[in-house]
Amino acid sequence: MWFYLLKRIALAVAIIVIAVTLLFLMIHAVPGDPAAILLGPRATPDMKAQLHQQMGLDKPLVVQIAIFFGGLRQGNLGYDVFSQRPVADIVFEQLPYTIELILVSISWAVAVAVPLGCYSAMRRNSLVDQVAGVVSVATIAIPSFVMAVYALLIFAVTLRWLPAIGAGQAFWDGFIHLILPAFAIGIGWVGYISRLVRASMLEILGENHIRMARSFGISEWRIVARYALPLAILPTVTILGVGIASLLSSAVFIEVVFARPGIGALIVDAVNARNYPIVMGTVLVTTFLVVVATTLSDLVAAALDPRTRENL
């Protein structure tokens, strides 16, 4: 297990290094002078040269990358071009909003999808199973940002049941503001997870140890909860770990649509303003989150199924 953790840490470091390097190359491939965009059309050549020096853009690309990694070793992600505040402070001010949105979205999706998938497997080809299948495919096919726009128009504009923009102030107000964004992100995962649990559950329910449990007169729901679900949930746990990248990308659009603070809105504003330090800091943090989530999902899968520990 320790050897496996060391390998995952080394892989995480390699992924972060590759991601940051590729991001440097892509940013510099974007047409336009960042200094001209930041300073406006009235900027003089001296002002542009001074800003280039401040941002380190006057140095070769290899030197810029080396400087960034050198600061990263000391926990320094750079400074915002506009406010001169540390990038780490700005990113970690916005990060809790995004994590809160992702956790609420995936939590309600799992809470609905897992029982629905189990029931569909137990009542195969029933009316509930058929309706759940059609609805699941429909929700999977609709992108989260499209779902966000329609949810906004229906529940916020037309019915006026829920607030349209912002993150709220107090706890209850913040929870109310989370409902529509979390619904827009989670609804597609309800369909995806329920179909995945159903397929896994059907396979597990046909195995010999399940038949033996039935022969002892154990109730079907207990068989599902105690013997089948811990094995059937393994693909879902793995998908959730890998899917954190998809959740983060969905959060980018959702935070823009609902004008919520968070990493997504911060990335969009930074890219539009060519604010390189903010872009680098946000991508670094999100890459780290993806790597951590993937590692945790592997460890949870190993805890649920001892057979997988042989691969560690």
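The values are calculated or read from the model by the stated rules, or taken from the named source; none is laboratory data. Bear in mind that the values here come from a model prediction, so they are computed numbers and not experimental data. So basically every Cβ, Gly included, is an ideal-geometry build from the backbone, and we count neighbours across all protein chains shown. Just the protein is used for accessible areas: all its heavy atoms, side chains included, with ligands, DNA and RNA removed. Shrake-Rupley method; radii C 1.70, N 1.55, O 1.52, S 1.80 Å.
For (1) over 26 Å from PRO181 (Cβ atoms); (2) among the β-branched types (Val, Ile, Thr); (3) open to solvent by 70 Å² or more (accessible area, probe 1.4 Å); (4) at pLDDT below 85, each residue gets a yes or a no:
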| site | (1), (2), (3), (4) |
| --- | --- |
| ALA66 | yes, no, no, yes |
| GLN84 | yes, no, yes, yes |
| VAL104 | no, yes, no, no |
| TRP108 | no, no, yes, no |
| VAL134 | no, yes, yes, no |
| THR139 | no, yes, no, yes |
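Within region 166-198, take every residue that is outside any helix (DSSP H, G or I) and surrounded by 13 or more Cβ atoms within 10 Å (Cβ to Cβ) and give me the one that is farthest from the chain's Cα centre (by Cα).
First, pick out the residues of region 166-198 that are outside any helix (DSSP H, G or I): 166-170.
Still in the running and surrounded by 13 or more Cβ atoms within 10 Å (Cβ to Cβ): 166-168.
On the way: GLY166: 20, ALA167: 18, GLY168: 22 Å.
In this case the residue turns out to be GLY168.
Condition check ((1) open to solvent by less than 20 Å² (accessible area, probe 1.4 Å); (2) outside any helix (DSSP H, G or I); (3) modelled with pLDDT of 80 or more; (4) closer than 27 Å to ASP80 by Cβ) across all residues:
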residue	(1), (2), (3), (4)
VAL237	no, no, no, no
PHE253	no, no, yes, yes
ALA259	no, yes, yes, yes
ASP269	no, no, yes, yes
THR282	yes, no, yes, yes
THR286	no, no, yes, yes
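Residues in region 1-48 that are over 25 Å from ASP269 (Cα atoms) and either in a loop (DSSP other than H, G, I, E, B) or at pLDDT below 70 (or both): how many? Adding up the residues that qualify gives 6.
Taking helices (runs of 4 or more DSSP H) that fall entirely within region 60-160, which contain at least 2 residues that are farther than 18 Å from PHE288 by Cβ, among the polar types (S, T, N, Q) and touching a residue at least 12 places away in the same chain (Cβ under 8 Å)?
Details: elements: 61-73, 87-122, 127-141, 144-151.
By residue number, 87-122, 127-141.
Taking the condition out of contact with any strand residue (DSSP E or B) (no Cβ under 8 Å at 6 or more places or on another chain), closer than 17 Å to ILE140 by Cα and not basic (Lys, Arg), does ILE185 pass? It is true that ILE185 is out of contact with any strand residue (DSSP E or B) (no Cβ under 8 Å at 6 or more places or on another chain), closer than 17 Å to ILE140 by Cα and not basic (Lys, Arg).
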